[in-house]
Amino acid sequence: MSTAVTAPEITIATPADRERVVGTLVAAFTKDPILRHLFPDEATYPRYAAAFFGHLFDKRVHRASIWTIGGGASVAIWEPPADGHGTPDGRFSARYPDDVLARVRAYDEAVHAALPTFPFWYLGVLGTHPDSAGQGWGRAVMRAGLDRAAAEGLPAVLETSNPNNVELYRRAGWEVLGTMAEPVPTWIMRQR
């Protein structure tokens, strides 16, 4: 007699999930090209990355557009089309020295200049804690946002600076819309 293992339920994050979600994303992105460009110093990466992901979480948690699985072990932070994709605000700015803030703003501006002008759902962050990798949870939380975009009749867009992710996203139905060379090679991708 075999016992089927079922994946944990996908849930929409609440403020109570913040610490776990931020911890997952800090761990998931330790080798990500853009995060390491923004926060290259090993000693400050955990603190600065936590502030970065915490800011994104705080902006989206009340929009019901952050999906998690496994108690926050895998996370997809989506931005609804009406929200726009703006530069970090002053509250975010106070958490970084000027050189770090300049890199964050420059990257944010470059990405947002490269994004399409039509309405879309934006997959801003997709990450799985290394301890939970390989279970398909990232794809599951991504799918929750894709389903919501499809229900609204809108495409989904993401950007990745990790060349290894481009093929993973292609296999999940994404196509490359364009690329950016600076400050880090980045692919803009779309799913209809």
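Coordinate-derived values only; no laboratory data. The structure displayed is predicted, hence computed values, not measured ones. Cβ coordinates were reconstructed from backbone atoms using ideal geometry, including for glycine residues, and neighbour counts include every protein chain displayed.
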Just in the stretch 11-83: which trypsin sites (Lys or Arg not before Pro) are loop by DSSP and have at most 11 other Cβ atoms within 10 Å? LYS31
Once the other residues with Cβ under 14 Å from the Cβ of TRP174 are scored (Lys, Arg +1; Asp, Glu -1), what is the net sum? +3
Explain nothing, just the number: dipole magnitude of the chain about its Cα centre with +1 on each Lys and Arg Cβ and -1 on each Asp and Glu Cβ, in debye rounded to the nearest 20. 320 debye
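If I stretch the segment between ARG170 and ASP98 completely, what's the gain in nm (0.36 nm per residue apart, minus their alpha carbon distance), one decimal?
22.3 nm
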Suppose each label sits 7 Å from its Cα in the direction of the beta carbon; what would the THR117-ARG192 distance come out to in nanometres? 2.2 nm
Given axes a ≥ b ≥ c from the Cα gyration tensor, I'd like to know whether the stretch 1-73 is rounded (a/c under 1.5), prolate (a/b larger than b/c) or oblate. oblate
From Cα pairs below 8 angstrom and at least 6 apart in sequence, can you work out the relative contact order of the stretch 1-80, rounded to a whole percent? 43 percent
Tell me, what ³J(HN,Hα) does each residue in the stretch 129-135 have, in order and in whole Hz, if you take phi through Karplus 6.51 cos²θ - 1.76 cosθ + 1.60 with θ = phi - 60° and put x for Gly and Pro? 4, x, 5, 10, 5, x, 9
Rounded if a/c is under 1.5, else prolate if a/b is larger than b/c, else oblate: which is the stretch 94-166, with a ≥ b ≥ c the root eigenvalues of its Cα gyration tensor? oblate
Give me the number: length gained by fully extending THR30 to ALA43, i.e. 0.36 nm times residue separation minus the C-alpha to C-alpha distance, one decimal in nm. 3.5 nm
Full-extension gain between ALA181 and LEU154, please, as 0.36 nm times their residue separation minus the C-alpha to C-alpha distance. 7.0 nm
